[in-house]
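Trainee: Here it is, the structure in full.
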Amino acid sequence: MAKSKSGSGAGAPSKAAMQAGGAPAIDIGLSAAQRAKIADGLSHFLADAYTLYLRTHSFHWNVTGPMFNTLHLMFETQYTEQWTALDLVAERIRALGYYAPGSYAEFARMSSLKDEPAPTDSADWREMVRQLTVGNEAVCRTARKVLKTADGAGDDPTVDLMTQRLQVHEKTAWMLRSLLQ
């Protein structure tokens, strides 16, 4: 077996392809510009989804009245599913080579959801359901933007993730709206 020259064996990355700390540069078939644009869109989606998660969890804690049991359980199912999805979105941002936003200030700055105060009369379940309907639809609109960007770049994992999130949030918006009709 022939020895390779030190540090220049077949498959060894060049110094130019190495990042700080010796990690190879990201080379997943997307340009740096494509990854940056997709990660930015995902960060906005994460901000919307986290804002919706907080609102849903708050309403779970604070709902009262004749719809209490139904909505308390429904909101719990929704925020539990949302919590798991937040991790998937943040991890996709990291896989693209960027840091996921994680502070309330970042989320507030990046979210398209208006910061609506919770109903002061927590028995006003209709207002809670209205806010969650509108919130789920806003998350859908952001997901569609990211999906379009990712699709144009050929980023199938992000397209798949956004497709799954759209299915969940569209169905949730429909179910919530049905309570108000």
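Trainee: Pairs of lysine in the stretch 29-180 with Cα under 21 Å and at least 8 positions apart or on different chains: total?
Mentor: Summing the qualifying lysine pairs gives 5.
Trainee: Taking the Cα centre of the chain as the origin and placing charges on Cβ (Lys, Arg +1; Asp, Glu -1), which of Leu166, Ala32, His60 is farthest toward the positive end of the dipole?
Mentor: After comparing all options, I get Ala32.
Trainee: Shape of the stretch 29-180 from its Cα gyration tensor (a ≥ b ≥ c, root eigenvalues): rounded if a/c is under 1.5, otherwise prolate when a/b > b/c, or oblate?
Mentor: prolate
Trainee: Rounded to the nearest 20 debye, what is the charge dipole size of the stretch 33-181 about its Cα centre when +1 sits on each Lys and Arg Cβ and -1 on each Asp and Glu Cβ?
Mentor: 340
Trainee: In nm, give the distance between the simple-model label positions of Ala32 and Glu170, each being 7 Å from the Cα along the Cα-to-Cβ direction.
Mentor: Between Ala32 and Glu170, the simple spin-label model gives 3.7 nm.
Trainee: May I ask for the angle, rounded to the nearest 10°, between helix 156-180 and the longest principal axis of the chain, with both axes built from Cα atoms and the value confined to 0 to 90°?
Mentor: Rounded to the nearest ten degrees, it is 0.
All of the numbers you see were taken from the coordinates with simple rules; none came from a lab. Just so we're clear, the structure is a prediction, and the values are computed from it rather than from any experiment. Here the Cβ is made from the backbone with ideal geometry for all residues, glycine too, and neighbour counts use every protein chain on show.
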